[in-house]
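The values are calculated or read from the model by the stated rules, or taken from the named source; none is laboratory data. Keep in mind that what you see is a predicted model, and the values were worked out from it rather than measured. Cβ placement follows ideal geometry from the backbone for every residue including glycine, while neighbour counts extend to all protein chains displayed.
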Amino acid sequence: MTASVILTQLLNGIQLGALLFLLSAGLTLVFGIMNFVNLMHGSLFMMGAYFAAAGYKVSGSFTVAAICAVGGGLVLGLLVERLVVSKMYRREHLDQVLVTFGLVLFFNEVARILWGPTSVHAGSPAAFDGTVNLLGVMYPSYRLLIIGVALVVGAGLYFMIHRTRIGMLVRAGATRPEIVSALGVNVVRLKRWLFAFGAMLAALGGLMAGPITSVQPGMGEPVLIMTLVVIVTGGIGSIRGAFYGAMIIGVVDTVGRAFLPLMLREVFERSVAQAAGPALASILIYLFMACVLAIRPQGLFPVRHG
Amino acid sequence: MAEQLSSRIRRHWLPIVLLGLLALLPVVAALLGQSYYVTFATRVLVLAIAAVGLNVALGYGGMVSFGHALYVGLGAYVVAAMSEAGIQSGLAHLGTALAAGGLLAVLLGLVCLRTSGIAFIMITLAFSQMFYYVIVSLKRYGGDDGMSLPARSTLLGASLDSPVAFYYLVFAVLALALLFVASMARSRFGWVVRGSKLNARRMAALGYPVLRYRLAAYVLSALICVVAGVLLANLTRFASPSYLQWSLSGELIVMVVLGGMGTVLGPVFGAIALLVLEELLANAHLPMPFGADAMVRSHFMGLIGIFIVLMAMGTRHGLAGLANRKAAS
Amino acid sequence: MTPLLAVENLVKRFRGIRASDGINFDLRHGEIHAVIGPNGAGKTTFINQLAGELAPDSGRILLDGRDITKEPVHRRAALGLGRSYQISAVFDELSVLDNVMLAAQAHQGHSFRFFNDAAKDEDVAAPSREAVRIVGLEDSMHRPVADLAHGAKRQLELAMVIATKPRFMLLDEPMAGTGPTESREIVALLRRLRGTAAIVLIEHDLEAVFALADRISVMVYGKVIATGSCDEIRSDPAVREAYIGDEEAVL
């Protein structure tokens, strides 16, 4: 367990956190501001990865793949919102759960029909194929790119929410939706574009995740579950919560999976450690979530409601 | 006396007819020479029991739990693990599964019920997935592939290998579960649970410790799902991680809503409707152009997805509501 | 004689504003103690703290000398508190009798009973039917509440409180939104209840207040500026100042 191994895993954790942030930011806004339970966010992530893979296959260029993913995600988000989601805002959470669950089943099947049940290759940008020397560790530059993209998106979101008129409307919509509508803002359109924006972020996550994971039907669900854990621990509706939550969960999960089995082997006998190690590591983030909920049910960085 | 009996029968005609048809099913299947129907029907009834369980928490209690597959899977894996350890008694399987499931439900319920709304839904989903990941990572219990049972549990020493005998066992359990729910719905406990669903704040102001009753309803609902899991493992002679998957939780919710929430028979109607629909689509041999029916057969879950979307966007009262309205008019 | 309910220096802050600014208040056995004051005075915040739905930042609430400041809502109900809401919090989907039975059931032992038909439980049904009769809703006993007029819902609201046979009641604007006939009926009902339980009555209808109250407290900006009998309050200059305007005629 050398310093370089620890550093590598730490960076991997931050990279996972970066991906989780891209997904959590959009989802927490949809949950918090539009009070809409969107279980198909993972499907948007999946479709983004597929759009990117298709774009890369046709052109051999990551830039084209990115445009396909982001553009496709935006269009798909608009379509889904217009056709289904917008009709469900006033319905109970149960109905929203059912609708989005149905959409998950539908999109998984669509992916199976269009691209088959096995995983599809997603190319990465040639410029980022190598490694970078970081404090003595040779770290893949593509993973650093992922972290970079998340930081840029985070900064952009912060700027947008706290410094622009749209951001003000979004913040106002979070605490006082009636006033926003009374101010003459077209709330229907605001919600549509907010949802589509969240979809775009999810698709961006799919684009970035594609090269380092398996692009296959059903890939969205495990990611969705982790995103839900991030949002619950971070605080529903809070971008800050999404950021810190994503980083914490990403690091805890990665470092835990890497080192917990090793640490258990020091204390317990080999067979027990071998059985319990991976199992315990896989549920570390859920135990963390349970602890946070036990102490602060509203999350670590909850949004204050006036 | 006779008058009382005939009016009672008229009032309860629907459950009597339904249970009667289900009781006769193996006989009809034998006459038609289609014994496969018995196995399929057993599966429908087992999942109906799980839906009846979920209905206690969701339909009556208003708790939208997206994690009830956890309890079904737990029941199944307890049977498989104990079988592997050499214990074959069905009652031992059931007792252990109920104890483990009950304890887990209390612990999880205490954590989850501190939240409400969107957070509650997500947390129940997250915890049930947590157990999915735990089971999948335990190589001893088959990991991704699941584990098979050498034989079905024995009931008081007798074997349950015969499909028809097993069907009637499941049928009896379902009937018991329905009787319990019907009794509970009219009881003091049922009223408190229903009141808490309608207005928890008022119930607290009236003096009810709402959390305690909600937790009890959640645990009861989990225990019924555990029973379904025990039966499921015996039916398929297999414990699969898919029994723990959120897609099963989702399908159970669909059954409860489709059949009519907060009604005794609703979950049974919902289970029958959804599973029969899936079976029809999966085996559809229709004269469709471009071999489209082959596509329907291999991708029927996509159509089910659309069906669920349309159902959720439309009706709220489900099938049992329709039947009641017809009976009333 | 110790008061039934005593409030000492209750303070509640919301983001810098003191909604309750050191409230001192007491409720004597069997009395009707009205709380009046302009809108935004903090009356509902006060009631929510008495009921236990809101935790005060400082101060104490004593029931028969016993500190109940930290007791949760349902425990206070068990100790004899009954509360009605300004906006009727009734169960629209159920019948009038079912609503009241739910209320009465809370005080008839625990409800972890799964096998008996609650509708046939006479321990619960009898006091419920009685409460429905007292408020005058006998004709609507089995009607779904959603079909009731607003005034009838306010009566049901009171029936649910009465059915629990409380020692003291917190009534939050029982006459809110009712017309003159319905108001008179509710005043008559409250007169009939006098003596069975002590009542903290929040009301804007000053005619009703002066007809019913044994004592009146006037609350302005989270503080009680005066407490006394109807005559004392009527002639208090500080109160007149706080109530400049339409209420002058009534005072």
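General remarks:
- Only one of the numbered conditions (1) modelled with pLDDT under 95; (2) crowded, with 23+ Cβ neighbours inside 10 Å is violated by A:Leu204, and that is (1).
- Residue among B:Leu303, B:Leu252, B:Leu286, B:Leu280 that is among the aliphatic types (A, V, I, L, M) and within 25 Å of B:Ala172 (Cα to Cα): B:Leu252
- Check on A:Phe45, touching a residue at least 12 places away in the same chain (Cβ under 8 Å), aromatic (Phe, Trp, Tyr) and touching a Leu at 6+ places or on another chain (Cβ under 7 Å): yes
- Looking across C:Ala19, C:Ala51, one residue alone is facing chain B (nearest Cβ under 10 Å) and either in contact with a Leu (Cβ under 7 Å, 6 or more places away or on another chain) or at pLDDT below 90 (or both). It is C:Ala51.
- When the residues of the range A:32-74 are filtered to those that are under 30 Å from B:Gly250 (Cα atoms) and not in a helix (DSSP H, G or I), the one that is nearest to the other protein chains (Cβ to nearest Cβ) is A:Val37.
- Per-region count, the range C:121-149, residues assigned to a helix (DSSP H, G or I) and either facing chain B (nearest Cβ under 9 Å) or under 17 Å from B:Arg194 (Cα atoms) (or both): 3
- Comparison of B:Leu113, B:Leu91, B:Leu107, B:Leu98 shows that the only residue that is touching a residue at least 60 places away in the same chain (Cβ under 8 Å), out of contact with any Asp or Glu (no Cβ under 6 Å at 6 or more places or on another chain) and over 30 Å from B:Thr154 (Cα atoms) is B:Leu113.
- When the range B:116-171 is filtered for residues that are in contact (Cβ under 8 Å) with a residue 24 or more places away in the chain and among the hydroxyl-bearing types (Ser, Thr, Tyr), the ones remaining, listed by number, are B:Thr124, B:Ser128, B:Tyr132, B:Tyr141, B:Ser148, B:Ser153, B:Thr154, B:Tyr167, B:Tyr168.
- Residue among A:Gly277, A:Gly198 that alone is on the phi < 0 side of the Ramachandran plot, buried (at least 18 other Cβ atoms within 10 Å of the Cβ), more than 14 Å from chain B (Cβ to nearest Cβ) and in contact with a helix residue (DSSP H, G or I) (Cβ under 9 Å, 6 or more places away or on another chain): A:Gly198
- Contact map, the range C:61-82: residues that are more than 11 Å from C:Ala106 (Cα to Cα) and away from chain B (no Cβ under 12 Å) paired with residues that are at pLDDT below 90 and part of a loop (DSSP other than H, G, I, E, B), Cβ distance under 8 Å, separation 6+ or inter-chain. Pairs shown: C:Asp64/C:Thr2; C:Gly65/C:Thr2.
- Matching residues, the range B:264-305, being aliphatic (A, V, I, L, M), farther than 30 Å from B:Leu179 by Cβ and part of a loop (DSSP other than H, G, I, E, B): B:Ala284, B:Leu286, B:Met288
- Residue in the range B:120-136 that is touching a helix residue (DSSP H, G or I) at 6+ places or on another chain (Cβ under 7 Å), more than 13 Å from every other protein chain (Cβ to nearest Cβ) and on the phi < 0 side of the Ramachandran plot present: no
- Residue match in the range B:145-161 (condition: outside any loop (DSSP other than H, G, I, E, B), farther than 19 Å from B:Leu231 by Cα and within 14 Å of chain A (Cβ to nearest Cβ)): no
- Any chance C:Ala41 is surrounded by 15 or more Cβ atoms within 10 Å (Cβ to Cβ) and within 8 Å of chain B (Cβ to nearest Cβ): no
- Which listed residue is over 30 Å from C:Ala104 (Cβ atoms), among the hydrophobic types (A, V, I, L, M, F, W, C) and at pLDDT below 90, from C:Leu193, C:Leu206: C:Leu206
Residue by residue, here is whether (1) crowded, with 16+ Cβ neighbours inside 10 Å; (2) at pLDDT 95 or above holds:
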| position | (1), (2) |
| --- | --- |
| A:Phe31 | yes, no |
| A:Asn38 | yes, no |
| A:Phe45 | yes, yes |
| A:Gly48 | yes, yes |
| A:Val75 | no, yes |
| A:Asp95 | yes, no |
| A:Phe106 | yes, yes |
| A:Gly116 | no, no |
| A:Ala127 | no, no |
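- The set of residues from the range C:95-112 being hydrophobic (A, V, I, L, M, F, W, C), within 8 Å of another protein chain (Cβ to nearest Cβ) and closer than 30 Å to C:Lys43 by Cβ comprises C:Leu102, C:Ala103, C:Ala106.
- Some residue of the range B:181-197 being β-branched (Val, Ile, Thr), facing chain C (nearest Cβ under 7 Å) and touching a Leu at 6+ places or on another chain (Cβ under 9 Å): yes
- Beta carbons closer than 7 Å, at least 6 apart along the sequence or on distinct chains, pair a first residue in the range B:205-234 that is basic (Lys, Arg) with a second that is in a helix (DSSP H, G or I) for B:Arg214/B:Ser196.
Residue by residue, here is whether (1) within 25 Å of B:Tyr168 (Cβ to Cβ); (2) aliphatic (A, V, I, L, M) holds:
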{"position": "B:Leu58", "(1), (2)": "no, yes"}
{"position": "B:Val72", "(1), (2)": "yes, yes"}
{"position": "B:Ala80", "(1), (2)": "yes, yes"}
{"position": "B:Ser83", "(1), (2)": "yes, no"}
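- All of A:Leu78, A:Leu105 fail the test of being more than 14 Å from chain B (Cβ to nearest Cβ), of a type outside the set (D, E, K, R) and more than 21 Å from A:Gly210 (Cβ to Cβ), apart from A:Leu78.
- Selection from the range A:189-245 of residues that are out of contact with any Ser or Thr (no Cβ under 6 Å at 6 or more places or on another chain) and hydroxyl-bearing (Ser, Thr, Tyr): A:Thr213, A:Thr233, A:Ser238, A:Tyr244
- Hey, B:Val210 crowded, with 18+ Cβ neighbours inside 10 Å, within 10 Å of another protein chain (Cβ to nearest Cβ) and of a type outside the set (Ser, Thr, Tyr) or not: yes
- Residue in the range A:108-119 that is in a helix (DSSP H, G or I), more than 10 Å from chain B (Cβ to nearest Cβ), under 23 Å from the mean Cα position of the chain (by Cα) and over 16 Å from A:Met219 (Cα atoms) present: no
Conditions tested, residue by residue: (1) in a strand (DSSP E or B); (2) of a type in the set (Asp, Glu); (3) within 19 Å of the chain's Cα centre (by Cα).
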{"site": "C:Gly151", "(1), (2), (3)": "no, no, yes"}
{"site": "C:Ile162", "(1), (2), (3)": "no, no, yes"}
{"site": "C:Ala176", "(1), (2), (3)": "no, no, yes"}
{"site": "C:Val200", "(1), (2), (3)": "yes, no, yes"}
{"site": "C:Val218", "(1), (2), (3)": "yes, no, yes"}
{"site": "C:Val224", "(1), (2), (3)": "yes, no, yes"}
{"site": "C:Asp231", "(1), (2), (3)": "no, yes, no"}
{"site": "C:Val239", "(1), (2), (3)": "no, no, no"}
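- Just one residue in the set B:Gly109, B:Gly142, B:Gly101 is crowded, with 18+ Cβ neighbours inside 10 Å, within 14 Å of chain A (Cβ to nearest Cβ) and within 19 Å of the chain's Cα centre (by Cα); that residue is B:Gly109.
- Residue match in the range C:91-102 (condition: more than 25 Å from C:Ile134 (Cα to Cα) and not in a strand (DSSP E or B)): no
- Residue match in the range C:219-234 (condition: at pLDDT below 85 and either over 26 Å from C:Met101 (Cβ atoms) or assigned by TED's automatic domain parsing to the domain that holds C:Asn48 (or both)): yes
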